[in-house]
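K.L.:
Here's a structure for you.
What follows draws every value from the coordinates through simple rules; no lab data is involved. Owing to the predicted nature of the structure, the values given are computational and were not obtained by experimental measurement. A quick note on method: Cβ atoms are made from the backbone with ideal geometry, for glycine too, and the neighbour counts reach across all protein chains shown.
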Amino acid sequence: MEEKAGYFDLPDVRDFVCEKLLIPEGSFDEGVVALLEKPRPPITLGLTYERITGRRKPLVRVRESTQIYNLIRSA
């Protein structure tokens, strides 16, 4: 995976993790959301519009308001 300004492309990370751990994409997304809900989340999310495609779904958070992210960074 190629690093971009400290962030990784979330769909690439999802593909890699799901393939290595043999888990469904939904489980990965649930795990990321669970990490983000911790008092001091160990990851941060970002967004870059030119990287969003219909084939590579971003992470959609539906808590307070719907937010879309396609970049992930370890804190």
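K.L.:
Over segment 8-74, consider all pairs of different Cα atoms and compute the Kirkwood hydrodynamic radius from their mean reciprocal separation; express it in Å, one decimal.
P.N.:
Result for segment 8-74 stands at 12.3 Å.
K.L.:
A further question on this structure: List, in order, the whole-Hz ³J(HN,Hα) value for each residue of segment 20-34 obtained from phi through the Karplus relation with A = 6.51, B = -1.76, C = 1.60 and θ = phi - 60°; use x for Gly and Pro.
P.N.:
Rounded to whole hertz, the list is 5, 9, 6, 10, x, 4, x, 5, 4, 4, 4, x, 5, 4, 4.
K.L.:
Taking the simple approach of a point 7 Å from Cα along Cα-to-Cβ for both Phe16 and Thr48, what is their distance in nm?
P.N.:
Between Phe16 and Thr48, the simple spin-label model gives 1.5 nm.
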